[in-house]
Amino acid sequence: MARMRSIQSINTEIAKTEGEMSKIQEKYDALAEKLLELQKQKREYETRQIMDAYMKSGKSMQEIMTFLGA
């Protein structure tokens with residue numbers, strides 16, 4: 001028959017597990033924030049590329065919008 005664990009050992013393990021989860025949550029939050037910042041940088045880069053191409057094209061805004069189907 002399996003030995004019964006004491007409530008103290010169970011509480012200790014609960015506290016340890018909660019601490020580990022908290023650390024993991026902090027790491028996840030930091031990575032999620034980094035991902036959002038990188039996605040923002042990517043959109044800004046793409047926006048600059050589109051604007052550069054538009055300026056170099058010599059096309060009117062209407063021609064660009066027609067081409068894009070907007």
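The values are calculated or read from the model by the stated rules, or taken from the named source; none is laboratory data. Everything numeric here is computed off the predicted structure, so don't read it as measured data. A quick note on method: Cβ atoms are made from the backbone with ideal geometry, for glycine too, and the neighbour counts reach across all protein chains shown. Ligands, DNA and RNA are stripped out before the accessible areas are found, and what is left, the full protein with its side chains, is counted by its heavy atoms. Shrake-Rupley method; radii C 1.70, N 1.55, O 1.52, S 1.80 Å.
Which value in deg cm²/dmol, rounded to the nearest 500, describes the helix-derived mean residue ellipticity at 222 nm for the chain, given -39,500 (n - 2.57) per DSSP H run of n ≥ 4 and division by the residue count? Don't skip to the answer; put the middle values down first.
Details: 2 runs with 59 residues, N = 70.
Here the helix-only value at 222 nm equals -30500 deg cm²/dmol.
Taking LYS16 as the anchor, which lysines have their alpha carbon closer than 25 Å to its alpha carbon, excluding any fewer than eight residues away along the same chain?
LYS27
Using a cut-off of 11 Å between beta-carbons, work out the net charge of the residues near ASN11 (Lys and Arg +1, Asp and Glu -1, ASN11 not included). All intermediate terms of the calculation are to be shown ahead of the outcome.
Values: positive: ARG5, LYS16; negative: GLU13, GLU18.
Net local charge, ASN11 excluded: 0.
Need the list of lysines near LYS23 for cross-linking: C-alpha distance under 27 angstrom, and skip anything on the same chain fewer than eight residues off.
Filter leaves LYS34, LYS40.
Considering the values (i) 11.4; (ii) 17.4; (iii) 13.1, which represents Kirkwood radius over Cα pairs in Å as calculated for the structure under consideration?
Checking each listed value against the structure points to (ii).
For the chain, which whole percent of the accessible surface, found with a 1.4 angstrom probe, sits on carbon and sulfur atoms? It would help to have the intermediate numbers written out before the result.
On the way: 4260 of 7010 Å².
Exposed carbon and sulfur together represent 61 percent of the surface.
Which value, in Å², gives the accessible area per residue of the chain when a 1.4 Å probe is used on the protein heavy atoms? Write down the numbers at each step before the final one.
Values: 7010 Å² over 70 residues.
For the chain, the solvent-accessible area averages 100 Å² per residue.
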